[in-house]
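Just so you know, all these numbers are worked out from the coordinates, no wet-lab data involved. Because the structure is predicted, anything quoted here is derived from the model rather than measured. Here Cβ is always computed from backbone atoms with ideal geometry, including for glycine, and neighbour counts include all displayed protein chains.
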Amino acid sequence: MRPSLCLVLLCGACNTAGSAWMAQPLEGELGALPPPEGGGQAPPLRKSTKTQVIAEAPPPDASITAAETGGYTHASTAPSTRLTLGGKALGTFKNTYYDFPSEGDFHGEAVGLMSASCQTIVNVPRPFYESVCVQGSGTLRSGGTVSFAKRDCACAAECPRTGQRICFDLLDKAQYPWGRGATGKPITPLLTVAVDSSVIPLGTPLYIPEYDGVARDLTGSAKHDGCFLAEDRGLAVKGQHVDVFTGHREITQLWNRLVPSNRGVTVILDSPRCKRAR
């Protein structure tokens, strides 16, 4: 008898964005990303808390499906092939994307970014400050990166969206070129994901087949392998939710076209395909 195989069901969705940055998320909600092409509302995600073990089986004939989206081709492994990848499927998770604001994109009255010792790191445009308050990290005009240090800083300006007063660290550019995650380690675009650590422990490698074969850049010449590391937490990342760090606004927009936010993705633990992510 051939072992029975289960199919992975994907969910359609509308489009909102997550934010990822701190070990103890602040209160508040994040704004939505622009809606995906075509618009419209789709049924909400069907959440599953059941863990399935995907058994190894003799691989069937390779089958690739391609979906043309926004001028880019997303080649993804067909369901029959996915079932032979091994690992434990946690179910369908909400998917969103985040990147960090750049000071050069903002203008306005100056406000000080304060350190944990209440020293002024640098004066920045207030709209940039307000964005960094929510995202937790940002890139300065100088090329440096600031990242969340602590809350309840009496010397810091209030963040309008959260009501918090946040102090920051100025990170070493060589050690933290893209910022610092909830583990205290550097984060990496298209590798780091923010998770709810009560669902997925920090440091866990993940395989998400919907991203296997997705373009890593605007040229489409490099493809993603579907492997990620849970290295961050976020304000709106609760329950079955993964928030992918893209590093750049342009990549956020690209991935939001190829695999739209809230469409739903399959999260698999212990996949042999992701040994390099450990």
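Points worth noting:
- One decimal place: the segment ARG257-ASP152 gains 34.0 nm when fully extended, by the rule 0.36 nm per residue minus the C-alpha distance.
- For ALA149, distant residues with modelled amide H under 5 Å away: CYS167, PHE168, ASP169
- For the stretch 220-226, putting each phi into the Karplus relation 6.51 cos²θ - 1.76 cosθ + 1.60 with θ = phi - 60° gives couplings of x, 6, 10, 10, 7, 9, x Hz, in residue order, rounded to whole numbers and with x for Gly and Pro.
- Report note on the peptides 130-137, 98-105, 213-220: ranked by the mean count of other C-beta atoms within 10 Å, highest first, their order is 130-137, 98-105, 213-220.
- Part-to-part distance (alpha-carbon centres) for the stretch 97-118 and the stretch 201-278, which is given in Å: 26 Å
- In this entry, the stretch 151-278 is assigned a mean projected area of 9.2 nm², taken as a quarter of its C-alpha convex hull surface.
- Long-range amide H partners of ARG216 with built H, under 5 Å: ALA222, LYS223, HIS224
- Percent of alpha-carbon pairs separated by more than 14 Å within the stretch 103-171: 50 percent
- 5 angstrom amide H check on THR192, placed H, neighbours 5+ away: LEU229, PHE245
- Per-residue HN-Hα couplings for the stretch 125-140 [Karplus 6.51, -1.76, 1.60; θ = phi - 60°; Hz; x = Gly/Pro]: x, 4, x, 5, 4, 5, 5, 5, 4, 7, 7, x, 8, x, 9, 7
- Calculated from backbone phi, Karplus (6.51, -1.76, 1.60) coupling profile of the stretch 165-182 in Hz, x at Gly/Pro: 10, 10, 9, 10, 10, 8, 8, 5, 4, 5, 7, 10, x, 10, x, 10, x, 5
- Full extension of the chain between LYS88 and ARG249 gives 54.8 nm of extra length, using 0.36 nm per residue less the Cα-Cα distance.
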